Amino acid sequence: MSTYAVSDLHGHYNLFLRGLKEIAFSDDDYLWCLGDAIDRGPDGIKILEHIMKHNNMDMLIGNHECMMLNSVSATGKAIANGDDANLWLNYNGGDLTFLQYEELFDEERIELLNWLRNRYVIKTLTVNDQDFCLTHSFYHSNCENKTFNELSYYEVWRITWASIWRHDPDTHAEDIYPDYPYNFILGHVPVHRIRESIDRDENWNRLKAYHHNNVVNIDGGCGMGFNGFDNGAIFLRLDDMKEFGVRFENAGE
């Protein structure tokens, strides 16, 4: 049995399926998606449904799932007029997800929303005697192993939006990770962007996880779609920290 993590698939269902094939994912394995399974790509709802229907898969809430849950109607109606609706639909690619969401029956929407609200925001686990903390982006000790339903709007917002690699005042976070005894696995900011704008690395365009002290970022840039860069999904096997980079094959993925 192996434990895998992947993050920021952003609606690229075919790429997700190719990744599962690449890692030879079996019923004996377990996969954690670290949020942002939806938006920007066309098939985010398919990814959510796939994970929901498999007992050996689970996911964390990312900032895009947070926006969705704070936008759509809790009744299951195909309505998106909540507090984050404008931010989600008009500025973060939520319109593509909502189009697919509208095609579901009311009871399917309710099932999906109830499942999402009960997903973890931060998850700790031990693999091969190594302690890991999985989060979409940031961390707070009081929020460990708690679900979206158990936390306040601000707590979820901070954990899913704040990053040590973002510099705008609203989303910048201090590098607190070395203060905690975990190997942190997260996403949220594409590894290419970190290498290019933070490290000024001339060799920034590569689909490889980004390592910083006790933090590993595995956002491979799916949110950028097929654009000629070396981007895609990074599947990380926690048992031995082996990476599997799954690249876009064509613009249809």
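Taken together, the values in this text are just the output of simple stated rules run on the coordinates, not laboratory data. None of these values were measured; they are calculated from a predicted model. Methodologically, a virtual Cβ is constructed for each residue, glycine included, from the backbone with ideal geometry; neighbour enumeration extends over all protein chains shown.
For residue 183, list long-range residues whose amide hydrogen, built 1.01 Å from N in the peptide plane, is under 5 Å from its own amide hydrogen.
131, 132, 133
Assuming 0.36 nm per residue, please report the length gained on full extension of the stretch residue 110 to residue 174 beyond their Cα-Cα distance. List each step's numbers first, then the result.
Details: separation 64, 0.36 × 64 = 23.04 nm, distance 3.71 nm.
Full-extension gain reported as 19.3 nm.
Ordered by residue, what ³J(HN,Hα) values in Hz, to whole numbers, does the stretch 114-122 give under the Karplus form 6.51 cos²θ - 1.76 cosθ + 1.60, where θ = phi - 60° and Gly and Pro are x?
Result, rounded to whole Hz: 4, 5, 4, 5, 9, 8, 5, 9, 10.
Who wins for biggest fluctuation among 68, 52, 241 in a Gaussian network model of the chain, springs between alpha carbons below 10 Å?
Ranking 68, 52, 241 by mean-square fluctuation puts 241 first.
Might you report the magnitude of the Cβ-based charge dipole of the stretch 54-179 about its Cα centre, with Lys and Arg at +1 and Asp and Glu at -1, to the nearest 20 debye? Walk me through the numbers on the way to the answer.
Values: 8 positive and 21 negative charges, 20 e Å.
With only Lys, Arg, Asp and Glu charged at Cβ, the dipole is about 100 debye.
So in the stretch 103-253, what percent of DSSP beta bridges are antiparallel if you round to the nearest 5? Walk me through the numbers on the way to the answer.
Details: 16 of 24 bridges.
For the stretch 103-253, the DSSP antiparallel bridge percentage is about 65.
Over the C-alpha atoms of the stretch 152-253, what are the Rg and the largest Cα-to-Cα span, Dmax, in Å?
When restricted to the Cα atoms of the stretch 152-253, Rg and Dmax are 14.4, 43 Å.
For the stretch 74-84, just list the computed ³J(HN,Hα) in residue order, Karplus coefficients 6.51, -1.76 and 1.60, θ = phi - 60°, integers in Hz, with x standing in for Gly and Pro.
5, 7, x, 5, 7, 10, 9, 9, x, 4, 9
Structure shown: which of 77/146; 123/208; 21/53; 21/208; 46/242 lie over 25 Å apart, alpha-carbon to alpha-carbon?
Values: 77/146 27 Å; 123/208 23 Å; 21/53 18 Å; 21/208 19 Å; 46/242 27 Å.
Pairs exceeding the cut-off: 77/146; 46/242.
Say the dipole of the stretch 81-177 comes from +1 at the beta carbon of Lys and Arg and -1 at that of Asp and Glu; which of 133, 90, 163 then lies farthest toward its positive end?
Farthest towards the positive pole: 133.
Between residue 74 and residue 198, what length in nm is gained on full extension when 0.36 nm per residue of separation is reduced by their alpha carbon distance?
Numbers: separation 124, 0.36 × 124 = 44.64 nm, distance 3.97 nm.
Contour length minus the Cα-Cα distance gives 40.7 nm.
Which whole-percent values make up P(r) of the chain when all C-alpha to C-alpha distances are grouped in 10 Å steps starting at zero?
7, 33, 39, 18, 2, 0
Nearest-5 percent of antiparallel DSSP beta bridges in the chain? Walk me through the intermediate numbers first.
On the way: 19 of 34 bridges.
Around 55 percent of the beta bridges assigned by DSSP in the chain are antiparallel ones.
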